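Following: one structure in structure tokens, then a few remarks.
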Amino acid sequence: MRKRTTTVALLVSFAAAGAALAPAAFAYGGQGDTKITKVDVNGGKDVVIGATTVKTFTVSVTATDDQGVKSADITLGPGYGILAASSVKCVAASATTSTCSTSFTVDPRVYDVTSDQAGTWYVDAWVDANGDDSNFIWKEKAGSFKLQRLSRLTVHPGGRRHR
């Protein structure tokens, strides 16, 4: 009986430790010397989504690797990415540094950003270096920005008065 209790306690401890470490293991990873050095969303301004107006904004990720940067994948979301870039273009600033950019379009008539999704959003980025595909970096929450719902307060000039 004592052996079973000890075994169960060890299994529970290992499971708890694994659960605590798992998010960190997937939050950041890579191989080689690839690094993300800068993330820019909407020129540093908040992204404001209205009720009917389509909003397009840019996201760029600057990365370095001693072999140069080949490509990047970028997703956005309040937690895990819910908006994925359809195409990302990388432009070399030097032999080792590139800025990879894309634009995102949010049409509130198609995808309604709800009030509970407004707030801090994160940029998740995967960057591949040139060469034999062995150098890369994956970073959740590589950058952050504020996503807001546009709101307006209006007053009806002929409104009723309450007594």
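Put simply, the amide H of residue 96, placed in the peptide plane, has no neighbours under 5 Å, leaving out anything fewer than 5 places away on its chain.
Straight-line cross-link partners of residue 38 among the aspartates and glutamates, defined as a Cα under 20 Å from its Cα and at least 8 positions apart when in the same chain: 46, 65, 66, 73, 124, 128, 140.
Over all distinct Cα pairs, what is the inverse of the mean 1/r for the range 23-136, reported as the Kirkwood hydrodynamic radius in Å? Walk me through the numbers before you get to the answer.
On the way: mean 1/r = 0.0663 Å⁻¹.
Evaluated over the range 23-136, this radius sits at 15.1 Å.
Checked against a 26 Å cut-off, the cross-linked pairs 55/89; 55/146; 35/55 give Cα-Cα distances beyond that limit for 35/55.
Could you tell me the relative contact order of the range 79-125? Use alpha-carbon pairs under 8 Å, at least six residues apart, and round to a whole percent. All intermediate terms of the calculation are to be shown ahead of the outcome.
On the way: 27 pairs, mean separation 18.6, N = 47.
Dividing the mean separation by the residue count of the range 79-125 yields 39 percent.
Rule-based calculations on the coordinates, nothing more; no lab input. This structure is a prediction, so every number in the text was calculated from the model and none was measured.
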